[in-house]
1. Would the range 213-223 turn up any residue that is part of a helix (DSSP H, G or I) and at pLDDT 95 or above?
2. Go over the candidates Ile37, Ile46 one by one and state the one that is among the hydrophobic types (A, V, I, L, M, F, W, C), touching a residue at least 60 places away in the same chain (Cβ under 8 Å) and either outside the structural domain of Arg242 (by TED's automatic domain parsing) or out of contact with any helix residue (DSSP H, G or I) (no Cβ under 7 Å at 6 or more places or on another chain) (or both).
3. Tell me, which residue of the range 241-270 that is assigned to a helix (DSSP H, G or I) and without any contact (Cβ under 8 Å) to a residue 24 or more places away in the chain is farthest from the chain's Cα centre (by Cα)?
4. Filter the range 107-120 down to residues that are assigned to a helix (DSSP H, G or I), touching a residue at least 12 places away in the same chain (Cβ under 8 Å) and over 11 Å from the mean Cα position of the chain (by Cα) and give me whichever is surrounded by the most Cβ atoms within 10 Å (Cβ to Cβ).
5. Of everything in the range 82-96 that's touching a strand residue (DSSP E or B) at 6+ places or on another chain (Cβ under 6 Å) and of a type outside the set (Asp, Glu), which residue is farthest from Val145 (Cα to Cα)?
6. Given the criteria over 20 Å from the mean Cα position of the chain (by Cα), small (Gly, Ala, Ser) and farther than 28 Å from Tyr30 by Cβ, does Ala236 qualify?
7. How many residues, within the range 210-253, are under 22 Å from Asp181 (Cα atoms) and of a type in the set (Lys, Arg)?
8. Any chance the range 66-75 includes a residue that's more than 23 Å from the chain's Cα centre (by Cα) and within 18 Å of Val260 (Cβ to Cβ)?
Amino acid sequence: MNRTDGTVLIKAGVIGHPIGHSKSPLIHGYWLKKYGIAGDYSRYDIAPENLARDVDHLIKEGIQGFNVTIPHKQTILKLCSELSPEAEKIGAVNTVIVRADGTLFGANTDGFGFIHNIRDSVRNFDFSRKPAVILGAGGAARSIVCALIEQNCPEIIICNRTKDRAEALAQEFGVTSADWDERDFLVRNAGLFINTTSLGMVGQPPLIIDLKYADPELLVCDIVYVPLMTDLLRQAQGTGLRIVTGIGMLLHQARPGFEVWFGKSPEVTDDLRNLLLNAA
């Protein structure tokens, strides 16, 4: 698409239903302005029954690619002619690239976002030194398990309120599962503790855990970012443990898509973090 001044307007966006909650336009809009790129990043509300038709319409309109949020992360798979190894293993797509011939390449950048959030927060963190404990067995947990396997984590333990889901996920990826009631004990030997559940979010029940006997080198991460400082992170900080908040995962997972669509590798800055936190 050409603008009146002759420059090419690069189009990208995010699809979902509903879509008004998405923070992606804030993130990409910030980067477009910062780097002076002639681009547009918009929300597209697509109902599940219209997914194939509306995506085809976006392709014909010249969109370069789009992010994917609920409820399309799994159903978009059937529209992709090729998947990244991560998307294939996870069984979900959050970033789509439209190729020149109109076919779709599906990727999952959640694991990338998780790893780079930690690296951005704790320099030289060694994922391969000690076990990681993951609370939850949903889509985010799947992404993080894949990412930690890639980082040569020596042991990954999945702990979920519904034990059957933890066992199924652990068996699928060849890792370990544990009972929910074991979570206080598991932190004693872990190097990384990650909450991927909704517990601790605004409007949700609290996450009950005792970090008193945690390994002093434990790094505690909560992917929740509303509130930014969850009770889990406050307790960890009060116990003298290192913490990583969840906002960075959201920001870093957006980087690969922006780079492919708009041709610039973007930075995650404090200004961008504050922009999102003030809009939350």
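The values are calculated or read from the model by the stated rules, or taken from the named source; none is laboratory data. Keep in mind that this is a model prediction, so the values were computed, not measured. Methodologically, a virtual Cβ is constructed for each residue, glycine included, from the backbone with ideal geometry; neighbour enumeration extends over all protein chains shown.
1. No, that holds for no residue.
2. Of the residues listed, the single one that is among the hydrophobic types (A, V, I, L, M, F, W, C), touching a residue at least 60 places away in the same chain (Cβ under 8 Å) and either outside the structural domain of Arg242 (by TED's automatic domain parsing) or out of contact with any helix residue (DSSP H, G or I) (no Cβ under 7 Å at 6 or more places or on another chain) (or both) is Ile37.
3. Asp270
4. Ile118
5. Among those that are touching a strand residue (DSSP E or B) at 6+ places or on another chain (Cβ under 6 Å) and of a type outside the set (Asp, Glu), it is Val96.
6. Yes: the conditions hold for Ala236.
7. Matching residues across the range 210-253 total 2.
8. no
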